Structures are given as structure tokens and as C-alpha cells.
Amino acid sequence: MSKGDIFMVVSSPILSGIIWLVLLVFVMYFARSLAHLAIRSFCRVIHNAMRLSARAVMRAETRLNNRNREVLLAQGKEAAERIIEREFDRIDATVRRDLAEYPTLHRQLSEEITVIDDDYKNSTEVPPDPPGWVKAVDAVAKIPGKDPMVASILEDIHASMIKANTQAIEEYRKSSHKRHEHLKHMMPHWRKLRSVLGQVDKSVNSLLTRSQAIDRHMEEYEGIVKQTDKAVRMLSSSSLTQFFIAAFVLAVAVGGALINFNLIARPMSEMVGGTSRIMGIPINQIAAMVIILVELAMGLFLMETLRITRLFPVIGALNDKTRIRLVWTFFSILLFLAFVEAGLAFMRDLLMQDDVRTTASLLGGQGAAAAKNPNQWITTAAQMGMGFVLPFALMFVAIPLETFVHSLRTVLGVVGVSLLRVCAWLLRLIGNIVRFMSNALIQLYDLIIFAPLWIERAIRGKQADKKDSTDTASVYLEGKKI
Amino acid sequence: MKKICLVLLLTLVGLSGCSKFSSQYNQGVYMLVDTSGTYTKELSQAKKIINFILAKLNPGDTFAVAQVNTGSFTQKDIIDKRTFDDRPSMANDQKREFSKVVDKFIKKVRPSAYTDITGGLLQAIEFLNEANTNRKIILIFSDLKEDLRPGYVRNIPLKLKGFEVIAVNVTKLHSDNVDPREYMKRLSDWKRKVVKGGGSWRVINDMQHLDPIFQ
């Protein structure tokens, strides 16, 4: 007897099916009110659970959003402080460089002005005094009569006056020449004065420009401190931009690292062998990767000790003496590794040539020609150069890496908030679907038991008609009695 | 400090546990060269194949060339065998030396009266199993016509599980031209023997395109 035979009420499977269906319909009909209640309760439970879950998710989203805001503002505050600090450093440098010399400039200006003043005084024109005995000419001229002696005296006076006049003109010219000389002497002092004033103007303008920049940064900083929405939006947008730029630069750096890897992986097999493997990766490739990673680490530390990046607070907190020592240590290791890479690149070229020679000796033909390439030195030099330069180029990965790490927090926060919002929306949607589905399920339930329901309605309809007619008759009779 | 040393030690032990020996990634090739009768004329072709294989093998791989003569189940018939060094430069030197040894052999080889291919195969299986290489290839450079000396027992089942047996340059004999069914029967007999032993069977007769050997 199979499992299916249990359901066989009669020998015909169709008839058995119909019997079971009728039974099921009747059972469902009798359990209708309870089933409706169960469906409603079940859907309500799910709806409430979804609603509560959505609310919890939204609370989590709010918390994450607030946390993101805090982190963003903290990062922005730190960045703004760094910028303002740098601007003040620049102002300090400008003041030290230019305005520290201001007393000297002032002294120079005073000296120049004194010299110019002296020259000016010396260049003033003093009108020559008229000769005193000119009045004597008037007196002689007033002598009455036409005495020839008077004429003779006047002629003598005239001659004397002409002579005196010539001398006076000569002296006047000499003095004018001296004044001109003084004025000429003033010119370089004027020019120097102008130059000194120009320097002062430049320094002051530079300070003004810096102060304007500081004003702008201070305004941003105030916005961040006040935690305004505008500041948050600005920081978020800036963070996303920085994330994508840093990711792009890092992708370029990864390309450089891959080239570097290919350059040294093969020659490393000459040192560590190329047949042993760790987790399926040849040991020479692992060694090459380790060298590149060590170079990256040294580059990071070097940038850190130079205070270009701030990924490791411990290094940043070191005193200057230790820090400078570390700078030289990291640089020396990096230089050593660069030389190692250049050597490995050279070795790679030698190995390639050896391979070509071996293949040529075994197979003959094209390999022999390739083995005797006269311009081989160009490839060798290029490989060695790349091997030497790439470790230093990879050093600068620290800058985009720092930006990437910092902006990644913001991006992850934004993505997390978005995911939580989508999650909450989905939960609400499912809850509402289930809520409205309860009606649909009830309708479907009633559809399955439509036959008994129809019968029930028909019976009730007849009963109601009968009742109505009875009621009408009794009313009619009562009316008659009245 | 002790804790740091312990962590480092555990890391090293873990990594060494993850590491695998070269034998699990390398390949071993054993080439049987038929030196019986008129087939010695084909030895220049064998030299080509040997050089091709030498050019294709990597550091850490194993290669052996042995001759098939009257009784081939002996190490004395191995012309040269090497496991190439880890270092590429040393491996190249070894390849060149190998090639020279084969050259010398070809110059002084004498044709043998009988052809014991099964004995050679048994020797190849033993050698490659000892070498414990990841991939095991046996090349049979022969017309595949076995001719055993009376008294030699070679009716032995071959244990070729994990082996790739490749017949190269299977020349057609005069009798094959008269009745090609003989040639076909020879090939099918060897195929059946190899497949029955658990190995795979291929035939490469195009000497210009030997790349399929390592496919």
C-alpha cells in the first residue's frame, strides 16, 4: 500500500479527489470565522514586526547618520585647523622674512629722506642781492644841469655795473649748476626710496592676501564648529571627490607596482628558487611581492616622518631629532632597495638573454638572431632605470592612500546610511503588502468555499424574505385592528 | 617579547604548512627512443623532439631519455636523466649539457636486434614514480612494433594511473603499406594496453607541431 492509496476513498482517483475536495470545502466553511481571524492576526503580526523592524533600522540609520556627521565634522575641523595653521605659518614666515627687516628699512628710509632734504635745501635758489651803490646812480642822475662830469661818472658807473653784472651772472650760473648737481644727486635716492616703499607694499599686500585666505578658512571653520548643514554638505561633497581622485591615483600606483613586480619576480628565482610554493604561489613571486611591500612601507614611513602624511600618530609625535634620524634611516633603506631592484632588473635581462641563447642552441633559427641584438643595452638601461625609479615613485602612494583612507570612512558611512534606508523601505513595503494581503487571502478563502457560502446566502435570503412578509402582514393586521 | 617570538614561530609553522613542495607542481618527462633495426635512421627526429622538450621544460622539472633495445627494463639504458635546478641560469646550463650527451649518444649508437618497448615502459613508470613529479609524461619514439627476445617475459599489466603516454613519429613499416590494418592494430593494441593500465594515450606524428605534447 503506497502513500497515495491512503487518500483513495473509492477506487476511482477522480471521484476520491472530488470527495476530498468537498470535505475540505465543508471543513473550511465551518472553520471560516476562525480562519479569517487567524489570517488577520498572522498578517497583523507580520505587519507589526516589519513596522517595528523598519523603525529600528531607521533609528540605526539616524544613529549612523549622526555618527557620520560627527566624524565628517571632526575630520573637516582637523583639516581646516591644519590649513589655518599652515596659513599662519606662512604669515609668520612672511613677517619674519620681510617685516623683521622693517627697522632696517625704516632707517634706510630716514637716511634717504635726510639726504633728500639736505639736497633740497641746497638746491633752493637764493636771489642775488642788488648792488648797494645802485642808489648812488639815482643820486648822481638827479644832479641838476648838464655837467659833462656827471655823464662821465655815469658812464663809469655803467661800465662798472656791466662788469659787476657779468660777474654776478657768472656766479649765479655756478650756483645754479651746483643746485642742479644737488637735484641730480637726489634722483638715485628717490629711486631707492621708491624701491624700499615697493618692498614694503609687496610685503603688506602679501599679508593682506594671506589674511583674506585666513578669513575665508576661518569662515569655513566657524561653520564646521557651529555644525551647520552647509558645512556638512560641503565636507561630504569634498570627501566624495577626494575618494574618487585618490582611488584613481591608487589604481595608477597599483599598475606601477605590477610593472615593478614583473620586473623583479623572475630574477628573484635566481636567489630563492622558483619551484617551491606557499599556498600555490611560487616563492620567487612572494619574495618579489615582499620587496615591493617593504618599499611601500618604507615610502609610507618616510612620508610620515617628513610630516607630509599623518597616518601614524606615533611617528608624528616623535621629537624632531629622532624624526630626522628616522627620515635618513628610511631613505637609506629605500635607496638600498632601489639599488637592489636595479640589480634585479639587470639580472632579469641577463636571464632573458641566457634563455634566448639556450633556446637558440637547442632549436636554432630565430633565437640566434635575437641573442645578438646590438641595441640590447637600451632595454637593459631602461629596465635598470625603471627598477631604480619605481621604488621612489611608489613612495608617493602615501599621499593618495591617506586621502583614500580618510575619505573611505565617509563613503562607507554614506553607503551604510543608503543601505539602511533601502532596508527600512523594503521592510515597510513588505509589512504593507502583508497587511493588504490579509484581505486578499480572506477573499481567496471565501472563493474556495463559494458553494456553501452561496447556499448559506440563499437560505438566509429566503429566511429574510419570509420574515419580511411576516412582518408586513402583522403590521397590516395591527393597522386594521387600530 | 616571548609572546612575539611565539606568534612569529606559529606564523612560520603555519606558512610552512601551507607551502607545497615543487614536486607537486613540476612535470616529469621520460622519453623512450627506439634503437632497433632500421629505426636508428630516425634518430635525427628524436634529437629534434628532445631539444624541443628541453626548450619547453622549466626549472625543477625532470627529464630522462632512454633507449629501447633488446632488454630495456634496466637503468643502464638511460642515456641521461636530470632534475633541473631551481635557478633558471643553472637549469639552462643543465639543458645544454643534456643536449650534448644526447648528441654523443646518437653518434655512437648501434642498432639492437630486438625491441623491448614494454620493458622500457616499466622502467619509465618506476623512474617517474621515484621522481614524484606532478605530471608524468612518457614519450615513445618508436614504430611500436615490439619484438621480444625469446625467454623475456613482458606479459605484465602496466600501472599507468596518472601517466600520459604519447607515441611520437610512429612510422609505417613496409608490411603496413601492404596491409594498413597491421598499423592500425598496433596502435589500437598499445592504446588498449595503456588505457587498461589507467593511463591516457595519444599519438603525435607531425614533427613540425610538437606543442600538443605539453597540452
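Any read-out appearing in this document is the output of simple, stated calculations on the displayed coordinates, not a laboratory observation. Since this is a predicted model, take the numbers as computed values, not measurements. Counting neighbours? That spans all protein chains shown, and the Cβs are built from the backbone with ideal geometry, glycine included.
Rg then Dmax, both in Å and based on the Cα atoms of segment A:1-60: 20.5, 62. An ellipsoid equivalent to the protein assembly as shown, defined through the eigenvalues of its Cα gyration tensor, has semi-axes of 96, 68, 23 Å when rounded to whole angstrom and sorted largest first.
Checking every one of the chymotrypsin sites (Phe, Trp or Tyr not before Pro) in segment A:393-482 against DSSP loop status and a limit of 10 other Cβ atoms within 10 Å picks out no site at all. For the protein assembly as shown, the mean residue ellipticity at 222 nm estimated from helices alone is -26000 deg cm²/dmol, where every DSSP H run of n ≥ 4 contributes -39500 (n - 2.57) and the total is divided by all residues, rounded to the nearest 500. What does the C-alpha gyration tensor say about the overall shape of segment A:189-251? Classify as rounded when a/c is under 1.5, otherwise prolate if a/b is larger than b/c, or oblate. It is oblate, given that a/c is not under 1.5 and a/b is not larger than b/c. Relative to the longest principal axis of the Cα atoms of chain A, helix A:229-272 runs at roughly 90 degrees. Projected label points at A:Ala393 and A:Ile162, each 7 Å from Cα along the beta carbon direction, are separated by 9.7 nanometres. Taking label points 7 Å from Cα along the Cα-to-Cβ direction, A:Leu109 and A:Arg51 give a separation of 7.9 nm. Between A:Met187, A:His177, A:Leu207, the Cα set farthest toward the positive side of the dipole of segment A:169-211 (charges on each charged residue's Cβ, about the Cα centre) is that of A:Leu207.
Averaging Cα coordinates gives a centre for segment A:73-104 and one for segment A:237-283; these two points are 39 Å apart. Positive-end ranking of A:Met347, B:Tyr183, A:Ser53 along the dipole of the protein assembly as shown, with charges on Cβ about the Cα centre, is headed by B:Tyr183. Extending 7 Å from Cα along the Cβ direction at A:Val405 and again at A:Trp377 yields two label points whose distance is 4.5 nm. Magnitude of the charge dipole for chain A, about its Cα centre and with charges confined to Cβ atoms of Lys, Arg (+1) and Asp, Glu (-1), is about 2840 debye. Cβ-Cβ distance of B:Val153 and B:Ser44, R₀ of 30 Å, FRET efficiency by 1/(1 + (r/R0)^6): the value works out to about 0.35.
Annotation: lysines with alpha-carbon distance below 16 angstrom to B:Lys136 (same-chain offsets under eight excluded): B:Lys56, B:Lys81, B:Lys159, B:Lys161. Percent of Cα pairs in segment B:74-203 per distance bin of 5 Å, from zero to the largest separation: 2, 8, 15, 19, 20, 16, 11, 5, 2, 1, 0.
Helices that extend 18 Å or more along their long axis by alpha-carbon positions and average at least 0.0 on the Kyte-Doolittle scale are, among the DSSP H runs of chain B, B:2-18, B:43-56, B:117-131.
Rounded to the nearest 10 degrees, the inclination of helix A:13-30 to the longest alpha-carbon principal axis of chain A is 70 degrees.
Here's the list of aspartates and glutamates a cross-link from B:Lys185 could span, going by alpha-carbon distance under 14 Å and ignoring same-chain residues fewer than 8 apart: B:Asp143, B:Glu146, B:Asp176. Considering only B:Gly60, B:Gly28, B:Gly162, the Gaussian network model of chain B with Cα springs below 10 Å gives its largest mean-square fluctuation to B:Gly162.
For segment A:188-297, the gyration tensor built on C-alpha atoms gives an oblate shape. Its axis ratio a/c (a ≥ b ≥ c) is at least 1.5, and a/b is not larger than b/c. Stretching the chain fully between A:Ile278 and A:Ala38 yields a gain of 80.3 nm (0.36 nm per residue, less the alpha carbon separation). Here segment A:1-47 and segment A:301-365 have alpha carbon centers that stand 78 Å from each other.
Any chance you could give the angle, 0 to 90 degrees and rounded to 10, that helix A:283-305 forms with the longest Cα principal axis of chain A? That works out to roughly 50 degrees. For segment B:64-85 versus segment A:399-430, the spacing of their alpha-carbon centroids is 67 Å.
Rg and Dmax, both from the Cα atoms of segment A:277-401 and both in Å, are 19.7, 65. If you put +1 on each Lys and Arg Cβ and -1 on each Asp and Glu Cβ, how big is the dipole of segment B:56-192 around its Cα centre, in Debye rounded to 20? With Lys and Arg at +1 and Asp and Glu at -1, about 80 debye.
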